[in-house]
Amino acid sequence: MVNKRHMLSEEAWKTLSSRPIYRNRWLSLREDLVGLPDGRTTIYGVVTCGECVGILPFLDSRTVLLVKQYRYIAQRAPWEMPTGGIHAAESIEAAAQRELSEEIGYQAGKLTPLSTFHTSKSVMDETAHLLIGEELTSLERPPDDTEFIQVRAFPFTDALQMVLQGEIVDAMTIIAVLHAARLRGL
């Protein structure tokens, strides 16, 4: 007997109903009743965060700036690259420049796209856009009022080692550093 479940692997699930559960300025949660390809139904929780950016800022070809801030969910303050949400009607590039100025006090003369990915494929609707920021110039802009950030320059090879040794645990930063290392032939 042939297992026909694999034939349904690419069939779209159908949203039969949707009920909002919770919303704040950063995310929303809803519960969907979903029709499965085999005719059954299930309840599916969906967290929507929208789009975000992460920028790996290079001071020069061998030095990156990383930020450290307390992360409530992780209950620690890890090193990571500047990241943040994209505001309504804001372009990826504008969001990247805003986050750079808010978190490290710089603007990038050159932004290079690295990767776009889904941060969680199963229950979260969030798309991350990763870029390299180069040709940095100092720019004064008030920080976000909910952020308390330490900024430090690292040799890029040290940042790569921090990723490989598990010291950097932020997924966006890991992906950006590994892509940048690949581009640099490391």
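The values are calculated or read from the model by the stated rules, or taken from the named source; none is laboratory data. Please read all numbers here as calculations on a predicted model, not as lab measurements. With ideal geometry, Cβ positions are generated from the backbone for all residues, glycine too; neighbour counts draw on all protein chains shown.
General remarks:
- The listed residue being in contact with a Cys (Cβ under 9 Å, 6 or more places away or on another chain) and either under 27 Å from Gly45 (Cα atoms) or modelled with pLDDT of 95 or more (or both), out of Ala89, Ala96, Ala128: Ala128
- Scanning the range 131-165 for residues that are assigned to a strand (DSSP E or B), among the aliphatic types (A, V, I, L, M) and under 14 Å from Ser101 (Cβ atoms) yields Leu136, Val151.
- The one condition in (1) at pLDDT below 90; (2) of a type in the set (Gly, Ala, Ser); (3) loosely packed, with under 11 Cβ neighbours inside 10 Å that Gly39 fails to fulfil: (1)
- All strands (runs of 3 or more DSSP E) inside the range 33-128 with 2 or more residues being without any contact (Cβ under 8 Å) to a residue 60 or more places away in the chain and over 19 Å from Ile168 (Cα atoms): 41-60, 106-118
- Selection within the range 131-140 - at pLDDT 95 or above and of a type outside the set (Asp, Glu): Leu131, Ile132, Gly133, Leu136, Thr137
- Count of the range 61-79 residues which are surrounded by fewer than 10 Cβ atoms within 10 Å (Cβ to Cβ), of a type outside the set (Val, Ile, Thr) and farther than 16 Å from Pro155 by Cα: 2
- Close pairs (9 angstrom Cβ cut-off, 6 or more residues apart or separate chains): modelled with pLDDT of 95 or more in the range 141-163, hydroxyl-bearing (Ser, Thr, Tyr) and surrounded by fewer than 13 Cβ atoms within 10 Å (Cβ to Cβ) anywhere: Phe156/Ser61
- Selection of first residues in the range 6-25 that are surrounded by 10 or more Cβ atoms within 10 Å (Cβ to Cβ) and at pLDDT 95 or above and of second residues that are charged (D, E, K, R) and in a helix (DSSP H, G or I), restricted to Cβ pairs under 9 Å at least 6 apart or on distinct chains, gives an empty result.
- Only one entry in Ile175, Ile168 is within 14 Å of Met81 (Cα to Cα), outside any helix (DSSP H, G or I), β-branched (Val, Ile, Thr) and modelled with pLDDT of 95 or more, namely Ile168.
- Under the condition of being of a type in the set (A, V, I, L, M, F, W, C) and within 14 Å of the chain's Cα centre (by Cα), the residues counted in the range 69-97 number 5.
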